[in-house]
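Data first, discussion second: the structure below is written as C-alpha coordinates.
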Amino acid sequence: MKIINLGTAEGLPPVDWTAIVDKLSAGSAPPPDALNARTTWLSTLNEDGSPHVTAVGAIWLDGTFWFQTGGATRKGRNVARDPRCSVAVSIRDADVVIEGDAVRVVEAAALARIAKAWADNGWPAEPDDSGSGITAPFNAPSQGPPPWNVYRIEPRSATVVLSAEPGGLTRFRF
(Lines give C-alpha, C1' and ligand atoms only; values in the text may rest on other atoms or scores of the structure.)
Protein backbone atom coordinates (compact mmCIF):
# COMPACT_ATOMS: atom_id res chain seq x y z
CA MET A 1 0.00 0.00 0.00
CA LYS A 2 1.24 3.46 -0.86
CA ILE A 3 0.39 6.20 1.67
CA ILE A 4 0.18 9.81 0.43
CA ASN A 5 -0.19 12.39 3.20
CA LEU A 6 -2.23 15.19 1.61
CA GLY A 7 -2.05 17.21 4.85
CA THR A 8 1.73 17.59 4.96
CA ALA A 9 1.64 21.32 4.10
CA GLU A 10 -0.63 21.91 7.10
CA GLY A 11 1.62 19.85 9.38
CA LEU A 12 -0.94 17.05 9.72
CA PRO A 13 0.14 13.46 10.32
CA PRO A 14 -0.90 10.69 7.92
CA VAL A 15 -4.12 8.89 8.78
CA ASP A 16 -3.78 5.40 10.28
CA TRP A 17 -5.55 3.13 7.75
CA THR A 18 -5.80 0.26 10.25
CA ALA A 19 -7.82 2.46 12.62
CA ILE A 20 -10.18 3.40 9.76
CA VAL A 21 -10.67 -0.27 8.76
CA ASP A 22 -11.40 -1.12 12.41
CA LYS A 23 -14.11 1.58 12.52
CA LEU A 24 -15.62 0.46 9.21
CA SER A 25 -15.62 -3.16 10.37
CA ALA A 26 -17.29 -2.20 13.64
CA GLY A 27 -20.04 -0.29 11.81
CA SER A 28 -18.89 2.94 13.40
CA ALA A 29 -21.29 5.80 12.78
CA PRO A 30 -21.08 9.51 13.38
CA PRO A 31 -22.76 10.76 16.54
CA PRO A 32 -26.54 10.15 16.36
CA ASP A 33 -27.27 13.88 16.10
CA ALA A 34 -24.88 14.32 13.15
CA LEU A 35 -26.30 15.09 9.71
CA ASN A 36 -26.35 12.14 7.29
CA ALA A 37 -25.34 9.84 10.13
CA ARG A 38 -25.67 6.60 8.13
CA THR A 39 -25.88 7.51 4.47
CA THR A 40 -23.54 5.67 2.12
CA TRP A 41 -23.19 7.21 -1.35
CA LEU A 42 -22.29 5.35 -4.55
CA SER A 43 -20.94 7.24 -7.56
CA THR A 44 -20.96 5.63 -11.00
CA LEU A 45 -20.37 6.94 -14.51
CA ASN A 46 -23.24 7.63 -16.88
CA GLU A 47 -22.84 6.73 -20.54
CA ASP A 48 -21.93 10.35 -21.37
CA GLY A 49 -19.21 10.35 -18.67
CA SER A 50 -21.15 12.48 -16.21
CA PRO A 51 -21.37 11.29 -12.60
CA HIS A 52 -24.36 9.53 -11.12
CA VAL A 53 -24.52 9.67 -7.31
CA THR A 54 -27.09 7.80 -5.25
CA ALA A 55 -27.58 6.61 -1.70
CA VAL A 56 -27.16 2.85 -1.32
CA GLY A 57 -27.53 0.24 1.37
CA ALA A 58 -23.89 -0.78 1.13
CA ILE A 59 -22.20 -2.92 3.76
CA TRP A 60 -18.52 -3.18 4.73
CA LEU A 61 -17.31 -6.80 4.81
CA ASP A 62 -13.93 -8.45 4.21
CA GLY A 63 -12.13 -5.14 3.73
CA THR A 64 -14.43 -3.65 1.12
CA PHE A 65 -17.93 -2.38 0.39
CA TRP A 66 -20.69 -4.51 -1.12
CA PHE A 67 -23.92 -3.15 -2.62
CA GLN A 68 -26.96 -4.52 -4.42
CA THR A 69 -29.18 -3.16 -7.14
CA GLY A 70 -31.59 -4.21 -9.85
CA GLY A 71 -30.08 -4.79 -13.27
CA ALA A 72 -32.36 -2.17 -14.86
CA THR A 73 -31.43 0.65 -12.44
CA ARG A 74 -29.16 3.42 -13.60
CA LYS A 75 -26.35 2.33 -11.25
CA GLY A 76 -26.82 -1.29 -12.40
CA ARG A 77 -26.58 -0.31 -16.06
CA ASN A 78 -23.64 2.01 -15.34
CA VAL A 79 -21.47 -0.57 -13.56
CA ALA A 80 -22.33 -3.22 -16.17
CA ARG A 81 -20.96 -0.86 -18.85
CA ASP A 82 -18.11 0.73 -16.84
CA PRO A 83 -17.24 -0.78 -13.44
CA ARG A 84 -15.39 2.29 -12.14
CA CYS A 85 -17.13 3.70 -9.10
CA SER A 86 -16.65 5.13 -5.62
CA VAL A 87 -18.36 4.77 -2.26
CA ALA A 88 -18.40 7.57 0.30
CA VAL A 89 -19.45 7.28 3.94
CA SER A 90 -19.03 9.16 7.20
CA ILE A 91 -17.84 7.19 10.19
CA ARG A 92 -17.06 8.42 13.69
CA ASP A 93 -14.47 11.21 13.36
CA ALA A 94 -13.78 10.67 9.64
CA ASP A 95 -15.12 10.77 6.09
CA VAL A 96 -14.01 7.92 3.82
CA VAL A 97 -14.10 7.53 0.03
CA ILE A 98 -13.18 4.18 -1.56
CA GLU A 99 -12.53 4.18 -5.31
CA GLY A 100 -12.40 1.01 -7.39
CA ASP A 101 -14.28 -1.30 -9.69
CA ALA A 102 -17.66 -2.90 -9.05
CA VAL A 103 -17.47 -6.64 -9.64
CA ARG A 104 -20.72 -8.58 -9.86
CA VAL A 105 -20.86 -11.46 -7.41
CA VAL A 106 -22.51 -14.65 -8.68
CA GLU A 107 -20.82 -17.36 -6.59
CA ALA A 108 -23.48 -19.05 -4.44
CA ALA A 109 -21.33 -19.18 -1.29
CA ALA A 110 -20.40 -15.50 -1.55
CA LEU A 111 -24.03 -14.49 -2.15
CA ALA A 112 -25.14 -16.52 0.88
CA ARG A 113 -22.45 -14.92 3.06
CA ILE A 114 -23.26 -11.34 2.04
CA ALA A 115 -27.02 -11.95 2.31
CA LYS A 116 -26.45 -13.23 5.86
CA ALA A 117 -24.38 -10.14 6.67
CA TRP A 118 -27.23 -7.91 5.50
CA ALA A 119 -29.74 -10.03 7.45
CA ASP A 120 -27.56 -9.81 10.57
CA ASN A 121 -27.71 -6.02 10.16
CA GLY A 122 -31.51 -5.89 9.93
CA TRP A 123 -32.32 -6.33 6.23
CA PRO A 124 -33.65 -9.91 5.75
CA ALA A 125 -31.86 -10.67 2.48
CA GLU A 126 -31.27 -14.19 1.21
CA PRO A 127 -30.02 -15.77 -2.02
CA ASP A 128 -32.74 -16.09 -4.63
CA ASP A 129 -33.75 -19.43 -6.13
CA SER A 130 -31.65 -18.92 -9.26
CA GLY A 131 -28.50 -18.52 -7.17
CA SER A 132 -27.38 -15.46 -9.14
CA GLY A 133 -28.74 -12.69 -6.92
CA ILE A 134 -30.53 -11.94 -3.68
CA THR A 135 -34.09 -11.28 -2.62
CA ALA A 136 -35.83 -9.89 0.45
CA PRO A 137 -39.38 -9.05 1.53
CA PHE A 138 -38.67 -5.37 0.86
CA ASN A 139 -36.17 -3.03 -0.76
CA ALA A 140 -36.15 0.54 -2.02
CA PRO A 141 -38.84 0.80 -4.73
CA SER A 142 -36.27 2.21 -7.16
CA GLN A 143 -34.39 -1.12 -7.15
CA GLY A 144 -37.05 -2.83 -9.22
CA PRO A 145 -38.27 -6.36 -8.58
CA PRO A 146 -35.98 -9.07 -7.19
CA PRO A 147 -33.67 -10.76 -7.70
CA TRP A 148 -31.11 -8.00 -7.17
CA ASN A 149 -27.53 -8.19 -8.35
CA VAL A 150 -24.77 -8.00 -5.74
CA TYR A 151 -21.51 -6.14 -6.37
CA ARG A 152 -18.23 -6.05 -4.48
CA ILE A 153 -15.97 -3.01 -4.83
CA GLU A 154 -12.40 -3.98 -5.76
CA PRO A 155 -10.63 -0.98 -4.18
CA ARG A 156 -7.86 0.91 -5.95
CA SER A 157 -7.60 3.77 -3.49
CA ALA A 158 -9.13 5.36 -0.43
CA THR A 159 -9.13 8.95 0.77
CA VAL A 160 -9.74 9.68 4.44
CA VAL A 161 -10.38 13.05 6.09
CA LEU A 162 -10.20 13.04 9.88
CA SER A 163 -12.56 15.43 11.65
CA ALA A 164 -11.07 14.88 15.11
CA GLU A 165 -7.71 15.92 16.50
CA PRO A 166 -5.04 15.72 15.29
CA GLY A 167 -6.81 15.87 11.93
CA GLY A 168 -5.46 14.44 8.74
CA LEU A 169 -6.02 13.97 5.04
CA THR A 170 -4.50 10.88 3.47
CA ARG A 171 -4.85 8.91 0.24
CA PHE A 172 -4.11 5.21 0.23
CA ARG A 173 -3.34 3.35 -3.01
CA PHE A 174 -3.79 -0.42 -2.92
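The values are calculated or read from the model by the stated rules, or taken from the named source; none is laboratory data. Since the structure is predicted, the reported quantities are computational estimates derived from the model, not experimental observations. Backbone-built Cβ (ideal geometry, glycine too); neighbour counts: all protein chains shown. Ligands, DNA and RNA are excluded from the accessible area calculation, which covers all protein heavy atoms including side chains. Shrake-Rupley method; radii C 1.70, N 1.55, O 1.52, S 1.80 Å.
Scanning the chain for DSSP H helices at least 27 Å long along the axis (C-alpha atoms) with a Kyte-Doolittle mean no lower than 1.0 picks out nothing.
Please compute the length gained on full extension between THR39 and LYS116, using 0.36 nm multiplied by the number of residues separating them and subtracting their Cα-Cα distance. The THR39-LYS116 span can extend by a further 25.6 nm. For volume of the Cα convex hull per residue in Å³, computed directly from the structure shown, the correct entry in [x] 127; [y] 251; [z] 158 is [x]. Counting protein heavy atoms only, the chain has 55 percent of its accessible area on carbon and sulfur, 1.4 angstrom probe. Per residue, the solvent-accessible area of the chain (1.4 Å probe, heavy atoms of protein chains only, all protein chains present) comes to 52 Å². What separates the Cα centres of the range 42-102 and the range 128-174 is a distance of 6 Å. A full extension of the chain between ILE3 and VAL21 corresponds to an added length of 5.0 nm, given 0.36 nm per residue minus the alpha carbon distance. A straight Cα-to-Cα reach below 23 Å connects LYS23 with the lysines LYS2, LYS116, residues fewer than 8 places away in its own chain not being considered.
With the highest mean first, a sort of the peptides 45-54, 130-139 on other beta-carbon atoms found within 10 angstrom per residue produces 130-139, 45-54. In this simple spin-label model, placing a label point 7 Å from the Cα along the Cα-to-Cβ direction at both ALA80 and VAL103 gives a separation of 2.1 nm.
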